[in-house]
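Here's the structure, in structure tokens; my notes come after.
The values are calculated or read from the model by the stated rules, or taken from the named source; none is laboratory data. Source: prediction; values computed, not measured. FYI the Cβ positions are ideal-geometry reconstructions off the backbone, even for glycines, and counts take in every protein chain you see. Accessible surface areas use protein heavy atoms only, side chains included; no ligands, DNA or RNA. Shrake-Rupley method; radii C 1.70, N 1.55, O 1.52, S 1.80 Å.
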Amino acid sequence: CLLVATWSLPSVSAWVPSSRPQNLQPPVMTRGNSNAASRSALFGVARRAANLFRGGGRERTRDELKLGIAGFYDRSSKLWEDVWGEHMHHGFYVPENRTDHVQAQVDLIDQVLAWAKVDSCTKAVDVGCGIGGSSRHLARKYNCQTEGITLSPYQAGRGNELAEEQGLKGKCNFQVADALQMPFQDNSFDVVWSLESGEHMPDKVQFVSELFRVCEPGGRIIIVTWTHRDLDEGESLTKKEDKLLDKINRAYYLPRWCSGKDYVNLLEGFGAKDVQREDWSYIIAPFWKAVIRSSLNLKSIWGLLRSGFSTIRGAYAMLLMLRGYKNGLIKFDLLTCTKPPAVSKHGMPM
């Protein structure tokens with residue numbers, strides 16, 4: 001859930017300020033001209049949006065990514081919550097014409113859990129927790145303890161505030177921590193949950209290693225993440241595909257991408273059992289239209305402008321994400337497995 005903090009903004013995203021906007025106040029609009037003004041603003045800023053990505057640049061270091069991710073979500077999370085609520089991820093669109101978008105986000109969590117065959121949970125970790133929507137849902141659904149980690153101090157603080165407001169202070173805890181160096185003991189959780197955060201991880205091997213380390217033997221690991229299309233042996237992405245992903249990486253503070261097949265190989269390499277993978281790109285696709293419609297109002301536009309340059313750039317990059325999904329480059333992959341039981345030095349289950 002780290003990345004989607006700007007997904008309510010794709011169509012309002014392209015204004016390029018000479019400096020961070022200060023003291024912006026929306027104009028007074030009458031009922032007759034508000035829609036026209038919104039669309040006029042959108043078309044006007046779109047013409048300048050391409051400037052956000054000119055020049056490219058070198059790949060960011062791990063420390064630069066961490067700082068960028070934290071700042072990006074510190075600035076954008078409040079805007080997302082104001083527009084879409086506490087769940088910072090896609091929705092489950094079956095049927096595809098459903099319009100109850102907030103419930104669709106909750107349903108995505110439940111449908112992923114059902115797909116992964118999670119019937120019960122005692123203690124879960126939410127890796128890349130956003131403001132904690134998934135964690136609190138898990139706590140209520142299974143009456144379990146949850147721990148959420150994020151690089152964003154704002155998200156961790158807001159997650160704890162919402163847990164207290166919702167009567168879950170003793171069951172849900174959120175803290176700032178690195179998913180590649182989680183502050184938990186080995187074998188701590190029977191459910192390890194990562195919803196739309198794996199794409200931020202610069203070292204996928206270390207990421208999967210940490211998921212396995214904190215998962216108890218026999219526990220369930222679930223990864224829902226953006227990936228690129230599978231490649232045949234010896235095949236590479238095209239220059240055009242690489243260029244598109246590079247632009248998205250600049251906006252969302254992402255490292256290089258991998259495929260769903262790469263994740264399967266990693267999981268199997270760690271000895272995972274019952275590895276499953278499924279592409280749900282078609283299931284989440286209608287969410288894009290919904291977020292575009294949600295942004296066609298002045299409240300969203302002015303909220304975006306107040307959020308600063310990186311949020312504006314991230315919002316425009318949503319159009320690039322949509323292009324990648326449409327041409328088959330970008331996938332919405334679900335992966336799950338169980339950690340093998342502990343084995344004694346004699347090779348017997350413990």
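Simple spin-label estimate for Gln175 and Asp107 gives 3.7 nm between the two label positions (7 Å along the Cα-to-Cβ direction from each Cα). Cα gyration tensor of region 97-225, axes a ≥ b ≥ c as square roots of the eigenvalues: rounded (a/c below 1.5), prolate (a/b > b/c) or oblate? Rounded, because the longest to shortest axis ratio a/c is under 1.5.
Please compute the length gained on full extension between Lys239 and Val205, using 0.36 nm multiplied by the number of residues separating them and subtracting their Cα-Cα distance.
Numbers: separation 34, 0.36 × 34 = 12.24 nm, distance 2.52 nm.
Between Lys239 and Val205, full extension yields an extra 9.7 nm.
Across Arg323, Arg98, the residue with the most accessible area heads the list, and the full order at a 1.4 Å probe is Arg323, Arg98.
Go through region 114-183 and name the trypsin sites (Lys or Arg not before Pro) that are in a DSSP coil and have 16 or fewer other Cβ atoms within 10 Å of their Cβ. Passing both the DSSP loop test and the Cβ count: Lys117, Lys169.
Over region 69-198, what is the mean sequence separation of C-alpha contacts under 8 Å (at least six apart), divided by residue count, expressed as relative contact order in percent? Walk me through the numbers before you get to the answer.
Working: 209 pairs, mean separation 34.3, N = 130.
Computed over region 69-198, the figure is 26 percent.
Which of rounded, prolate or oblate describes region 64-136 when judged by the alpha-carbon gyration tensor and an a/c cut-off of 1.5? Write down the numbers at each step before the final one.
Details: a/c = 2.38, a/b = 1.29, b/c = 1.84.
In terms of gyration-tensor shape, oblate.
Under the simplified labelling scheme, the Arg256-Glu161 pair shows an inter-label distance of 4.0 nm, with each label point 7 Å from Cα along Cα→Cβ.
Across the cross-link table entries Lys123/Lys240; Lys78/Lys326; Lys169/Lys331; Lys117/Lys169; Lys117/Lys247; Lys171/Lys339, which are compared at the Cα atoms, the separations over 32 Å belong to Lys123/Lys240; Lys169/Lys331; Lys117/Lys247.
Please say if region 183-293 is rounded, prolate or oblate, where rounded means a/c under 1.5 for a ≥ b ≥ c the square roots of the C-alpha gyration tensor eigenvalues, and otherwise the choice is prolate for a/b larger than b/c and oblate otherwise? Since a/c reaches 1.5 and a/b is larger than b/c, the shape of region 183-293 is classed as prolate.
For region 225-285, which GluC sites (Glu not before Pro) pass both filters: DSSP loop (anything but H, G, I, E, B) and at most 13 other C-beta atoms within 10 Å?
On the way: sites: Glu233, Glu235, Glu241, Glu268, Glu278; in loops: Glu233, Glu235.
Hits after loop and neighbour filter: Glu233, Glu235.
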